[in-house]
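Trainee: The structure under discussion is supplied below as structure tokens; questions concerning it will follow.
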Amino acid sequence: MRVSFCCTDTKAEPWLQGLKAALPGADIQLWQPGAQAEPADYAVVWAPPQAFFDSQPHLKGIFNIGAGVDALMKLSLPKGVPVVRLDDAGMSVQMAEYVCHAVIRHFREFDVYDEELRAARWAFRKPRRRAELPVGVMGLGVLGERVARSLLQFDFPVMGWSRTPKAIDGVQGFAGEAQFDAFLRASRVLVCLLPLTPQTQGIMRRVTLSLLQPGGYVINVARGAHLVDEDLIALLDEGHLAGAMLDVFRTEPLPSEHPFWRHPRITVTPHTSARTLRDESIVQIAGKITAMEHGEPIAGIVDGSRGY
Ligand SMILES: NC(=O)c1ccc[n+]([C@@H]2O[C@H](COP(=O)([O-])OP(=O)(O)OC[C@H]3O[C@@H](n4cnc5c(N)ncnc54)[C@H](OP(=O)(O)O)[C@@H]3O)[C@@H](O)[C@H]2O)c1
């Protein structure tokens with residue numbers, strides 16, 4: 001069995017070593033543009049070029065080392081070959097940390113205390129009512145469900161929105177387009193954990209963000225193209241929104257001249273909310289390749305018609 005590794009922006013050597021250790025007997029190869037490629041059975045990829053798939057006609061499975069497959073789905077992939085996303089692999093706990101941090105920082109006004117600290121000023125903020133900060137989580141998949149459950153631990157009212165109805169204890173569920181406006185109207189904080197598909201592109205724009213309760217707060221940890229940047233800035237400047245914490249952007253790295261960097265009520269992080277953890281990912285991918293070789297079913301296969 002041969003596995004070809006093609007991941008841009010990733011140090012290949014530790015992955016190759018890890019895959020060799022996890023799949024003894026397999027021939028693990030690094031794909032390099034222009035070099036004669038040996039036909040592989042499985043591909044392990046992140047942001048591969050089209051040339052990679054053009055050089056690999058015999059694949060039985062494509063493993064993406066991330067949860068989001070939007071970039072991969074834009075390529076012309078070999079027909080009928082399963083595309084497999086990372087299924088948590090240590091990402092959901094990171095996402096829960098990030099989102100709980102963002103919600104709590106906003107709710108407890110720790111950004112204001114940061115400023116007081118710099119001025120050596122001892123001043124209490126008036127406690128806010130938790131019930132007045134309902135949090136809406138868009139996307140209740142592997143990551144969104146973990147985030148919603150984690151927020152419940154802090155007694156925030158939590159709403160969830162998904163394509164198909166989901167029952168999560170303690171989370172008020174909304175589903176489909178028909179219930180989208182009601183979901184937004186019920187939320188003051190909006191967390192985006194949707195996959196990027198034609199249906200979700202630009203989903204956070206003036207008309208939708210305006211439905212959030214006044215003083216809304218936006219947390220985007222999914223993809224930059226879910227958000228219309230100018231609309232967010234306008235709603236912040238008009239006072240309808242109180243702030244935003246953004247981890248993902250239409251162009252990454254976020255260009256230094258982008259207004260998000262300097263907006264006083266936007267916090268920017270460099271696409272770091274849930275990093276791919278190499279060891280966990282290798283164990284998961286190797287386990288799935290082994291299962292496929294034994295003809296066993298695996299979880300995490302992307303549905304091409306849904307795009308996630
Ligand atoms: N910032 C980072 O570091 C980072 C890291 C990892 C992932 N991500 C992003 O997070 C996204 C979510 O990951 P995941 O593993 O939780 O995905 P997932 O398990 O595929 O879950 C996706 C959720 O979104 C819902 N959904 C999809 N299309 C929808 C639509 N049109 N309307 C309403 N709901 C819709 C799905 O509804 P159903 O339940 O009905 O299918 C599901 O609940 C990824 O696609 C990726 O873009 C970001």
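The values are calculated or read from the model by the stated rules, or taken from the named source; none is laboratory data. Computed from a prediction, not measured in an experiment: that's the story for all the values here. Counting neighbours? That spans all protein chains shown, and the Cβs are built from the backbone with ideal geometry, glycine included. For the accessible areas, the whole protein counts, side chains as well, though only heavy atoms, and no ligand, DNA or RNA atoms are used. Shrake-Rupley method; radii C 1.70, N 1.55, O 1.52, S 1.80 Å.
Trainee: Do you know which residues across region 208-249 are touching an Asp or Glu at 6+ places or on another chain (Cβ under 7 Å) and open to solvent by 30 Å² or more (accessible area, probe 1.4 Å)?
Mentor: LEU211, ARG223
Trainee: Suppose we filter region 219-253 for residues that are closer than 17 Å to TYR98 by Cβ and assigned to a loop (DSSP other than H, G, I, E, B); how many remain? Talk me through it step by step, then tell me what you get.
Mentor: Step one: list which residues in region 219-253 are closer than 17 Å to TYR98 by Cβ, which gives 219-224, 226-227, 243-249, 252.
Going one step further and asking which of them are assigned to a loop (DSSP other than H, G, I, E, B), we end up with 221-223, 247-249, 252.
Adding up the residues that qualify gives 7.
Trainee: So, in region 147-183, exactly how many residues are buried (at least 17 other Cβ atoms within 10 Å of the Cβ), within 12 Å of the ligand (Cβ to nearest atom) and either of a type in the set (D, E, K, R) or free of Cβ contacts under 8 Å to residues at least 12 places away in the same chain (or both)?
Mentor: Final tally of qualifying residues: 2.
Trainee: Looking at GLN284 and the list (1) closer than 26 Å to GLY18 by Cβ; (2) more than 12 Å from the ligand (Cβ to nearest atom); (3) not aromatic (Phe, Trp, Tyr); (4) not in a helix (DSSP H, G or I), which single condition is not satisfied?
Mentor: (4)
Trainee: Can you tell me how many residues in region 167-218 are under 19 Å from the mean Cα position of the chain (by Cα) and hydroxyl-bearing (Ser, Thr, Tyr)? Step through it out loud before you land on a result.
Mentor: Just the residues of region 167-218 that are under 19 Å from the mean Cα position of the chain (by Cα), to begin with: 189-205, 217-218.
Adding the requirement that they be hydroxyl-bearing (Ser, Thr, Tyr) leaves 197, 200, 217.
So the answer is 3.
Trainee: Evaluate the following for CYS100: is it under 23 Å from GLY139 (Cβ atoms) and touching a residue at least 12 places away in the same chain (Cβ under 8 Å)?
Mentor: Numbers: under 23 Å from GLY139 (Cβ atoms): yes; touching a residue at least 12 places away in the same chain (Cβ under 8 Å): yes.
For CYS100, the condition - under 23 Å from GLY139 (Cβ atoms) and touching a residue at least 12 places away in the same chain (Cβ under 8 Å) - is met.
Trainee: Between VAL84, VAL69, VAL93, which is surrounded by fewer than 17 Cβ atoms within 10 Å (Cβ to Cβ) and within 15 Å of the ligand (Cβ to nearest atom)? Lay out the reasoning, then the answer.
Mentor: On the way: VAL84 fails: surrounded by fewer than 17 Cβ atoms within 10 Å (Cβ to Cβ); VAL69 fails: surrounded by fewer than 17 Cβ atoms within 10 Å (Cβ to Cβ).
Just a single option satisfies the conditions, and that option is VAL93.
Trainee: Would you mind finding the one in LYS11, LYS74 that is over 20 Å from the mean Cα position of the chain (by Cα) and either at pLDDT 95 or above or open to solvent by 20 Å² or more (accessible area, probe 1.4 Å) (or both)?
Mentor: Numbers: LYS74 fails: over 20 Å from the mean Cα position of the chain (by Cα).
Being over 20 Å from the mean Cα position of the chain (by Cα) and either at pLDDT 95 or above or open to solvent by 20 Å² or more (accessible area, probe 1.4 Å) (or both) holds for just one of LYS11, LYS74, which is LYS11.
Trainee: Look through region 290-308, keep the residues that are small (Gly, Ala, Ser), open to solvent by 50 Å² or more (accessible area, probe 1.4 Å) and in contact (Cβ under 8 Å) with a residue 12 or more places away in the chain, and return whichever of them is nearest to the ligand (Cβ to nearest atom).
Mentor: Taking region 290-308 and keeping what is small (Gly, Ala, Ser), we get 291, 295, 299-300, 304-305, 307.
Now narrow it down to the ones that are open to solvent by 50 Å² or more (accessible area, probe 1.4 Å): 295, 299, 304-305.
This time we only want the ones that are in contact (Cβ under 8 Å) with a residue 12 or more places away in the chain, so: 299, 304.
On the way: ALA299: 10, GLY304: 13 Å.
Here the answer is ALA299.
Trainee: Here is a further query. Restricting to region 255-281, count the residues that are more than 13 Å from the ligand (Cβ to nearest atom) and open to solvent by less than 50 Å² (accessible area, probe 1.4 Å).
Mentor: 6
Trainee: Could you list, in sequence order, all residues of region 277-293 that are farther than 11 Å from GLY90 by Cβ and either in contact with a Lys or Arg (Cβ under 8 Å, 6 or more places away or on another chain) or among the aliphatic types (A, V, I, L, M) (or both)? Spell out the reasoning first.
Mentor: Applying the first criterion (farther than 11 Å from GLY90 by Cβ) to region 277-293 yields 282, 285-293.
Passing the criteria: ILE282, ILE285, ALA286, ILE289, ALA291, MET292.
Trainee: Could you please let me know if GLN56 is surrounded by fewer than 18 Cβ atoms within 10 Å (Cβ to Cβ) and over 30 Å from PRO134 (Cβ atoms)?
Mentor: Numbers: surrounded by fewer than 18 Cβ atoms within 10 Å (Cβ to Cβ): no; over 30 Å from PRO134 (Cβ atoms): yes.
Here the answer is no, as GLN56 does not meet what is asked.
Trainee: Take ASP41 and tell me if it is acidic (Asp, Glu) and without any contact (Cβ under 8 Å) to a residue 40 or more places away in the chain. Talk me through it step by step, then tell me what you get.
Mentor: Details: acidic (Asp, Glu): yes; without any contact (Cβ under 8 Å) to a residue 40 or more places away in the chain: no.
Spelling it out, it is not the case that ASP41 is acidic (Asp, Glu) and without any contact (Cβ under 8 Å) to a residue 40 or more places away in the chain.
Trainee: Looking at region 213-240, which of the residues that are away from the ligand (no atom under 16 Å from the Cβ) and in contact (Cβ under 8 Å) with a residue 40 or more places away in the chain is farthest from PHE183 (Cα to Cα)? Before you say what the answer is, go through the steps one by one.
Mentor: Quick first cut of region 213-240, residues away from the ligand (no atom under 16 Å from the Cβ) only: 213-217, 228-240.
Subset that is in contact (Cβ under 8 Å) with a residue 40 or more places away in the chain: 213, 217.
Details: GLN213: 11, TYR217: 15 Å.
Top of the filtered list is TYR217.
Trainee: The conditions are (1) crowded, with 16+ Cβ neighbours inside 10 Å; (2) farther than 22 Å from LYS288 by Cα, and ALA35 fails exactly one of them. Which is it?
Mentor: That leaves (1) as the condition not met.
Trainee: Would you say LEU190 is surrounded by 23 or more Cβ atoms within 10 Å (Cβ to Cβ), over 19 Å from ALA274 (Cβ atoms) and of a type outside the set (Phe, Trp, Tyr)?
Mentor: Numbers: surrounded by 23 or more Cβ atoms within 10 Å (Cβ to Cβ): yes; over 19 Å from ALA274 (Cβ atoms): no; of a type outside the set (Phe, Trp, Tyr): yes.
No, not satisfied.
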